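The values are calculated or read from the model by the stated rules, or taken from the named source; none is laboratory data. Since the model is a prediction, treat every value here as computed from it, not as a measurement. Quick reminder, even Gly has a Cβ in these numbers, built from the backbone with ideal geometry, and neighbours come from all protein chains shown.
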Ligand code: BG6
């Protein structure tokens, strides 16, 4: 494998480099008979995405014919707001066709994320209750214990909202809530995902204030280890106002989901590393148990564990053995590790392979990226106009600012936290 790796260095804005690259690829092509099929994987600083593709096109490296293909993979962040995402799409679509552009989101490469579709649509028993009649609310948590590591300069410009919400979290929301696609053809799946993204209610400025929470971590402890606050991290300004935590309450305006809140949260340096989706069902009419001690009973919850635990669990009530009718919450558990004999893969290898075989199902289309940004745009505007005054507002190693708990408590609900 190493013998087939080559390296060509150059500046992205130097047009000659692209001609050199073209000659270079021709040679590689001859040596290895690669049929002139190339994909260009742009894991560069985002400000270069547009110009690199333009330069590739100028030297003819984006030209396809019936015998060979040319594709580009674009890493995130795809734009930093809705206008810049639109501009980037326009710039790319001037020189490439949509079917040549692969906007990567590594969450879609995770087996456990793809399993959401299998779980929902390959089983007859869940879909009939997957709607507002039976579901009380949905929680999506992407909790990380890591801080910003060595990415302070990127992260301080981006913040938790841009870094996680319009991309990864929007994927989790759309897969959880979309209608069944007519097939697993790329556009059939993406059409349905796109409809959800368009149906997410867009907020007024007042709503941003009541339906979103932001936070930044201060010093704290994780696993008995003292950790610095965000403002003490490498390449982060000492007075940074960048959020490292976000929580939100979203609504999807369609017949399936009207009035079912989708609560989401994500943050760095939280109490546990855990990505999961909780589907909480409506309570049973408990009058039947009015003379029994049932007040602590948890409602039915279906939990899709995305990482690091990989599996699905369903919580339901069972009678506690004994002479009186007492109920306790029990779990039915599926863990990937117990089945199939292989570990789920983490994403990139699957996505790079899909790009090679020309399957765009797990890549974001232009309209989806823009729709994701439209959801967060009002939040970006309000947060920019009203800089936070209470940062840092949560200690490293906790579940985020207390306002995130209050966001649910106001509605009589609670986050489900999974410790290690
Ligand atoms: C990246 C974000 O896209 O996803 C990071 O930029 C984040 O900040 C990471 O840590 C999370 O991915 P995973 O696969 O570890 O859940």
Fill in the blank from the handout: Output for Cβ contacts, cut-off 8 Å, separation at least six or different chains, first residue free of Cβ contacts under 8 Å to residues at least 12 places away in the same chain in region 387-413, second in a loop (DSSP other than H, G, I, E, B), reads 405/399; 405/414; 405/415
Exercise for the section: Enumerate the pairs (first residue in region 307-335 and more than 30 Å from residue 145 (Cβ to Cβ); second residue anywhere and assigned to a strand (DSSP E or B) and modelled with pLDDT of 90 or more) with beta-carbon separation below 6 Å, excluding pairs fewer than 6 apart on the same chain, so at least 6 apart or on different chains. Expected result: 318/330
Exercise for the section: Would you mind stating whether residue 151 is over 18 Å from residue 361 (Cβ atoms) and surrounded by fewer than 18 Cβ atoms within 10 Å (Cβ to Cβ)? Expected result: yes
Practice task
Could you list all residues from region 161-187 that are in contact with a strand residue (DSSP E or B) (Cβ under 8 Å, 6 or more places away or on another chain) and more than 24 Å from residue 75 (Cα to Cα)?
Solution key: 177
Problem - Check on residue 344, assigned to a loop (DSSP other than H, G, I, E, B), in contact with a helix residue (DSSP H, G or I) (Cβ under 7 Å, 6 or more places away or on another chain) and either modelled with pLDDT under 95 or surrounded by 14 or more Cβ atoms within 10 Å (Cβ to Cβ) (or both) - result: yes
Problem - Selection status of residue 378, away from the ligand (no atom under 16 Å from the Cβ), in a helix (DSSP H, G or I) and over 23 Å from residue 104 (Cβ atoms) - result: yes
Exercise for the section: May I ask you to verify whether residue 359 is under 30 Å from residue 242 (Cβ atoms), surrounded by fewer than 17 Cβ atoms within 10 Å (Cβ to Cβ), at pLDDT 95 or above and away from the ligand (no atom under 16 Å from the Cβ)? Expected result: no
Practice task
Could you list all residues from region 156-173 that are farther than 20 Å from residue 383 by Cα and within 8 Å of the ligand (Cβ to nearest atom)?
Solution key: 168
Problem - Residue satisfying all of: in region 72-85; in contact with a helix residue (DSSP H, G or I) (Cβ under 6 Å, 6 or more places away or on another chain) and in a helix (DSSP H, G or I); nearest to the ligand (Cβ to nearest atom) among these - result: 85
Exercise for the section: Tell me which residues, restricted to region 200-243, are under 30 Å from residue 354 (Cα atoms) and surrounded by fewer than 19 Cβ atoms within 10 Å (Cβ to Cβ). Expected result: none
Completion exercise
Of the conditions (1) more than 25 Å from residue 392 (Cα to Cα); (2) touching a helix residue (DSSP H, G or I) at 6+ places or on another chain (Cβ under 9 Å); (3) not in a loop (DSSP other than H, G, I, E, B), the single one that residue 208 does not satisfy is (1)
Handout entry: Residues satisfying the stated conditions in region 120-131, i.e. surrounded by 14 or more Cβ atoms within 10 Å (Cβ to Cβ) and within 21 Å of residue 359 (Cβ to Cβ)
Key = 120, 121
Fill in the blank from the handout: Sole miss for residue 379 among (1) without any contact (Cβ under 8 Å) to a residue 12 or more places away in the chain; (2) crowded, with 17+ Cβ neighbours inside 10 Å is condition (1)
Problem - Any chance residue 351 is within 16 Å of the ligand (Cβ to nearest atom), within 30 Å of residue 89 (Cβ to Cβ) and in contact with a strand residue (DSSP E or B) (Cβ under 9 Å, 6 or more places away or on another chain) - result: yes
Exercise for the section: Determine if region 220-234 includes at least one residue that is at pLDDT below 90, part of a strand (DSSP E or B) and within 16 Å of the ligand (Cβ to nearest atom). Expected result: yes
Fill in the blank from the handout: Checked pairs for region 152-173, first on the phi < 0 side of the Ramachandran plot, second assigned to a helix (DSSP H, G or I) and more than 9 Å from the ligand (Cβ to nearest atom), C-beta under 6 Å and 6 or more apart or across chains, list as 161/376; 165/376; 166/372; 166/373; 166/376; 170/372; 171/108
Exercise for the section: Determine which single condition residue 263 fails, assuming it passes every other condition in (1) more than 15 Å from the ligand (Cβ to nearest atom); (2) part of a loop (DSSP other than H, G, I, E, B); (3) touching a strand residue (DSSP E or B) at 6+ places or on another chain (Cβ under 6 Å); (4) at pLDDT 95 or above. Expected result: (2)
Exercise for the section: Select from region 112-155 the residues that are within 12 Å of the ligand (Cβ to nearest atom) and assigned to a helix (DSSP H, G or I) and write down the one among them that is nearest to residue 345 (Cα to Cα). Expected result: 112
Practice task
Given the conditions (1) assigned to a loop (DSSP other than H, G, I, E, B); (2) at pLDDT below 90; (3) surrounded by fewer than 16 Cβ atoms within 10 Å (Cβ to Cβ), report the number of the one that residue 309 does not fulfil.
Solution key: (3)
